[in-house]
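What follows is a single structure, written as structure tokens, with notes after it.
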Amino acid sequence: MAVEKRVRFKNWWLPWLLVAPQLVIVLVFFFWPAGQAIYQSLLTEDAFGTSTQFVGAENFLRLWHDESYLASFKTTALFSVLVAGLGLTLSLMLAVMADRVVRAANFYKTLLIWPYAVAPAVAGVVWLFMFAPSIGIVSFWLRVLGFDWNHLLDGGHAMALIVMASVWNQISYNFLFFLAGLQSIPKSLIEAAAIDGAGPWRRFWTVQFPLLTPTAFFLLVINIIYAFFHTFGIVDAATHGGPGKDTAILVYKVYFDGFKALDLGGSAAQSVVLMVIVIALTVVQFRYIEKRVNY
Amino acid sequence: MVENRPAATALSHLVLMLGVLIIAFPVYITFIASTHTAEEIVQHVPMTLLPGNNMLESYKLALQGGQTEYGSKIAPVAPMLWVSLVTAMIISVCKIAISLLSAFAIVYFRFPFRNTVFWMIFVTLMLPVEVRILPTYKVVADLGMLNTYAGLTIPLIASATATFLFRQFFLTVPDELVEAARIDGAGPMRFFKDILLPLSTTSIAALFVIQFIYGWNQYLWPLLVTTSEDMYPVVMGIKRMITGGDAATEWNAVMATAILAMLPPALVVLLMQKWFVKGLVDTEK
Amino acid sequence: MNMKLHAAALLALTALAAPATAQTEIQWWHSMGGALGEWVNDQAKGFNEKQKDYKVTPVFKGSYDESMTAAIAAFRAGTAPNILQVFEVGTATMMASKGAIKPVTQVMKEGGIKFDPKVYVPAVAGYYTAPNGEMMSLPFNSSTPVFHYNKDAFKAAGIDPERPPTTWPEVALAAAKLKASGHKCPFSTSWQSWTQLESFSAWHNVEFATKRNGFLGMDTRLAFNTPLHVRHIENLANMSKQGLFVYKGRGNAADATFVSGECAMLTGSSALYGSVKRNAKFASGIGTLPYYPDVPGAPQNTVIGGASLWAMSGKKPEEYKAVAAFFNYLSDPQVQAVSHQRTGYLPITTEAFAITEKSGFYKQNPGTDVSVNQMIRKVTDKSRGIRLGNFVQIRAIIDEEMEQVWGGKKSAKEGLDAAKKRGDEQLERFEKANKG
């Protein structure tokens, strides 16, 4: 990567010792199984693996010819931009506010971080309670406001639902790290800017945000990965990719084909595609966006 | 607060209250549901927002286990909480420890293949565990780690979130500190222990909360690697009570267990708040 | 010679003198949570207490999908369970994994247990039986789609609560009356593929897929876009436009809306009965699945849902003896009768049904015999069940296309044609992948 520290230690064997524990675990519990999982994308087999056929790129070609698969690229792009964008902006705003207030600070912080602890299984159920068309608490009030909520048959509503649920899930996470980042900015810098006459808005943009960029970069990468990879549970609980295919994001199909339909070869092929996309996106982020990060 | 701007403060409080209401609303609903009986939850739609009268019963059922008149047997939550606790602790502590070491090596040393090592670790984020779960299971089974804490935890500490975060943080630490340490004759590990670690407490605290909750809420992986009930973590217990159709779910017990399951993470969040502030004190860079 | 005789004698003596041998323990992975989980545990307990040679340990392994994944992972790693509960749509998948399973008929033979497939209810066991008569898996928890209705809502709408609609035209009429009386959701359905297409076909004695719904070969293709099917979906789509039929989601999401009183009529699983009895605030009733009276031969029987028990391969002979003995226990008419009355699932042997009837259970619990009557009555070649590969994907495709129809984006014919086209691709793929 382009970022380097000028000052280094000169030991040649110590760094290897330090990375060894993580490398060993990564090799045994990631690369080895991942390699096998990727190899499965070249096979067609029955669920239990009792009869395996090597089919080369056939699983990939089939994806290429599947209209609905290609359509889900667009759905996924829209979904990820919304989730990452909303997730980061909302949590940044909350973190800045929480950093400002003195009274009740702990109360806000606890209540904003704690929902992260709601088990996904329970969260899915609670969201259904809240948004069930016509009887959910939230849909009830939406209807009172004149808004006929039905995510079962309206694709736009369904997308809104999964975006909201996904953003909700991540806000506590983002909030926590933004807050940690804000609170490690030395008070002296902020005070100096204030003495210079900068108001809170100026102070944020000239002092706090630049120092927050390492954290923001971290969260950007993580949120994109989250939107691409870790949201299938929410889609499964809320919309199953419906109505029709309006909320069938790429990772949901990976999950569905792998776990429900037991098409392991097809699911593996899709994972490879997804992995390539995310690696490409990450490389782009490191190459072009990291330049603007202030270390 | 640097200067006193009542309007801005009032606005902040308003935004925060709104944020809390929205973000914490599902938690509130979970709590309300745990204070009603299962019938009340299912019959009143939309569910009332006020607590019901069944709180003691629901929580007694969840804590001690027992049989409902319907015939469902609720497993006591305490043993499962223990499994979850041990699992979450192992995952967070181990992950943070090995990531601190790796990030330190990657940022502060120059060695051949340094970039490759970073990307090798980083790429673990690009293929989530669900995708490679079958072969991972085989590795764990072959190593004889089924139904053990090792099997529950070690495969989950492979991913790179912590290493990435520490890398970000270490890159912001001024070089003057390293030079000062060198001048003092301190070797790399002294620098790590006496200077870098204390500076990192805020990041460590944040990561600890996240990793603890991540380990705490694990479901699919424990489902695969355990067959004996005394190794079931609490989220598995919750899922088991949600029957998904052919029988009635005891929603009050489910929600009560969910609330109980959220208490240890809440404790962790509260305790870690102290470390946030502590990090502030030492950062006169 | 003498030495050998001595050795043999010694061996025989040791065998006789050995203490009661360690129990053969077998693992049973299932997906029954809540009260049903207790039922599973009690089945195992009953068997374990009745004899000392074998012990069955039930292990809850998550939902049907999750336990399948767990079993696949375990099988590939050599730690598979002895018995696995698999949902009905996974039947073709299991059968295609020939090396992973052992058919029930074979297990019983190896276990030395006399096995008469004729005692099993044809419509129930037929789903899990190969065309040559070999029973592949043991039916365990079988339900069937029935017509649940809210008697109180009927009274309020001026409909006789003791005479539920039995034909689709009657359903539409009742729905109109309910809507007129202010009901927001007169009719809904769970498991739309199972109730409105699969069982619909069997009930009217038409094929859902060619080759007798896939029983005769993997070159089966979907057949649910006939004029009869199109007519039915069109009717439902019209009802949806008029607010008489309200779509409440995939799977069994609609069940909760019936129990809460939101929807007054529901075509769903017979197994919902327990939830309804416990949680509903209103008087409820069960009727038979509606049909079109102008279709010759209707009604026939419906298609079962639920799951069956599969014996996994690669286990030791003593373990298969244990599995056979357990399957035998589960099929015992008395055990079946008790299970049926406890859970509402169908009895798998005709004798269990007779025992229950004689005991007066159906009189005391009106409506519980509807599901049984729908299945026991008769069965034809077209209504024995459905065996399609990639069935999970096909059901998802049907869900997707139907949603477009209910949302007004496609006509009934367009939706069914699209579902058939996409579903056939899945069937072709399955056929190709399993040619061996």
Working only within the range B:92-113, note down all residues that are in contact (Cβ under 8 Å) with a residue 40 or more places away in the chain, within 12 Å of chain A (Cβ to nearest Cβ) and assigned to a helix (DSSP H, G or I).
-> B:CYS94, B:LYS95, B:ILE96, B:ILE98, B:SER99, B:LEU100, B:SER102, B:ALA103, B:PHE104, B:ILE106, B:VAL107, B:TYR108
Out of curiosity, is A:ALA34 closer than 22 Å to A:ALA261 by Cα and either surrounded by fewer than 21 Cβ atoms within 10 Å (Cβ to Cβ) or out of contact with any strand residue (DSSP E or B) (no Cβ under 7 Å at 6 or more places or on another chain) (or both)?
-> yes
Result of the Cβ filter at 7 Å on the range A:19-46, keeping first residues that are closer than 29 Å to C:GLY99 by Cα and partners that are modelled with pLDDT under 90 and of a type in the set (Lys, Arg), at least 6 apart or interchain, is A:PRO33/B:ARG132; A:ALA34/B:ARG132; A:ALA37/B:ARG132
Do we have any residue at all in the range C:282-293 that's touching a helix residue (DSSP H, G or I) at 6+ places or on another chain (Cβ under 9 Å), within 11 Å of chain B (Cβ to nearest Cβ), surrounded by fewer than 21 Cβ atoms within 10 Å (Cβ to Cβ) and at negative phi?
-> yes
From the list B:SER12, B:SER34, B:SER58, B:SER99, which one is among the small types (Gly, Ala, Ser), over 22 Å from B:ILE238 (Cα atoms) and touching a Ser or Thr at 6+ places or on another chain (Cβ under 9 Å)?
-> B:SER99
Do any helices (runs of 4 or more DSSP H) lying entirely in the range C:44-126 carry at least 1 residues that are within 13 Å of chain A (Cβ to nearest Cβ), and which ones are they?
-> C:64-77, C:91-96
The range C:164-175 residues that are free of Cβ contacts under 8 Å to residues at least 12 places away in the same chain, paired with ones that are buried (at least 21 other Cβ atoms within 10 Å of the Cβ) and outside any helix (DSSP H, G or I) (beta carbon under 6 Å, 6 or more apart) | none
Go through the range B:199-221 residue by residue and tally those that are polar (S, T, N, Q), over 8 Å from the mean Cα position of the chain (by Cα) and not in a helix (DSSP H, G or I).
-> 2
Out of B:LEU134, B:LEU152, sole residue that is more than 8 Å from chain A (Cβ to nearest Cβ) and out of contact with any Phe, Trp or Tyr (no Cβ under 6 Å at 6 or more places or on another chain) = B:LEU152
Any chance C:GLY261 is in a loop (DSSP other than H, G, I, E, B), under 14 Å from B:HIS44 (Cα atoms) and either at the interface with chain B (Cβ under 9 Å from one of its Cβ atoms) or among the aromatic types (Phe, Trp, Tyr) (or both) | yes
Being under 21 Å from the mean Cα position of the chain (by Cα), on the phi < 0 side of the Ramachandran plot and not aromatic (Phe, Trp, Tyr) is the filter here, so list the residues in the range C:45-69 that pass it.
-> C:PRO58, C:VAL59, C:LYS61, C:SER63, C:ASP65, C:GLU66, C:SER67, C:MET68, C:THR69
Tally time: how many residues in the range C:148-173 are out of contact with any helix residue (DSSP H, G or I) (no Cβ under 7 Å at 6 or more places or on another chain), surrounded by fewer than 24 Cβ atoms within 10 Å (Cβ to Cβ), aliphatic (A, V, I, L, M) and under 27 Å from C:ILE398 (Cα atoms)?
-> 1
Is it true that some residue in the range C:423-434 is farther than 17 Å from A:ASP263 by Cβ and either surrounded by fewer than 16 Cβ atoms within 10 Å (Cβ to Cβ) or within 25 Å of the chain's Cα centre (by Cα) (or both)?
-> no
Specify which of the listed residues (A:PHE73, A:PHE107) is facing chain B (nearest Cβ under 9 Å), among the aromatic types (Phe, Trp, Tyr) and either over 15 Å from the mean Cα position of the chain (by Cα) or not in a helix (DSSP H, G or I) (or both).
-> A:PHE107
Unmet criterion (only one of (1) within 24 Å of the chain's Cα centre (by Cα); (2) farther than 24 Å from A:ALA237 by Cα; (3) part of a loop (DSSP other than H, G, I, E, B); (4) within 14 Å of chain B (Cβ to nearest Cβ)) for C:LYS248 | (2)
Return the only residue of C:ALA253, C:ALA271 being modelled with pLDDT under 95, surrounded by fewer than 24 Cβ atoms within 10 Å (Cβ to Cβ) and within 12 Å of another protein chain (Cβ to nearest Cβ).
-> C:ALA253
Report the residue count in the range B:76-91 for those that are more than 13 Å from chain A (Cβ to nearest Cβ), buried (at least 20 other Cβ atoms within 10 Å of the Cβ) and hydrophobic (A, V, I, L, M, F, W, C).
-> 1
Residue check, B:ASN252 against (1) at pLDDT 85 or above; (2) more than 9 Å from chain A (Cβ to nearest Cβ); (3) assigned to a helix (DSSP H, G or I); (4) buried (at least 19 other Cβ atoms within 10 Å of the Cβ), all met but one. Which one?
-> (1)
Where B:ILE23 falls short, out of the listed (1) modelled with pLDDT under 85; (2) within 7 Å of chain A (Cβ to nearest Cβ); (3) in contact with a Ser or Thr (Cβ under 8 Å, 6 or more places away or on another chain) = (1)
Matching residues, the range B:27-47, being modelled with pLDDT under 85, at the interface with another protein chain (Cβ under 9 Å from one of its Cβ atoms) and under 22 Å from A:PRO133 (Cβ atoms) | B:ILE41, B:VAL42, B:GLN43, B:HIS44, B:VAL45, B:PRO46, B:MET47
The range C:320-395: helices (runs of 4 or more DSSP H) wholly inside it with 3 or more residues that are under 23 Å from C:GLY274 (Cα atoms) and of a type in the set (A, V, I, L, M, F, W, C) are C:333-343, C:350-358, C:369-376
Any residue in the range A:227-245 that is touching a residue at least 24 places away in the same chain (Cβ under 8 Å), of a type in the set (Gly, Ala, Ser) and under 22 Å from B:PHE118 (Cα atoms)?
-> no
Number of positions in the range C:365-421 that are of a type in the set (A, V, I, L, M), at pLDDT below 85 and buried (at least 24 other Cβ atoms within 10 Å of the Cβ) | 1
Please go through the range A:238-256 and pick out each residue that is in a helix (DSSP H, G or I), in contact with a Leu (Cβ under 8 Å, 6 or more places away or on another chain) and more than 7 Å from every other protein chain (Cβ to nearest Cβ).
-> A:ALA238, A:LEU250, A:VAL251
Within the range B:159-166, can one find any residue that is more than 9 Å from chain A (Cβ to nearest Cβ) and under 21 Å from B:LEU85 (Cβ atoms)?
-> yes
A:LEU92 being buried (at least 20 other Cβ atoms within 10 Å of the Cβ) and in contact with a helix residue (DSSP H, G or I) (Cβ under 7 Å, 6 or more places away or on another chain) | yes
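The values are calculated or read from the model by the stated rules, or taken from the named source; none is laboratory data. Because the structure is predicted, anything quoted here is derived from the model rather than measured. Glycine also receives a Cβ, built like all others from the backbone with ideal geometry; neighbour counts cover every protein chain displayed.
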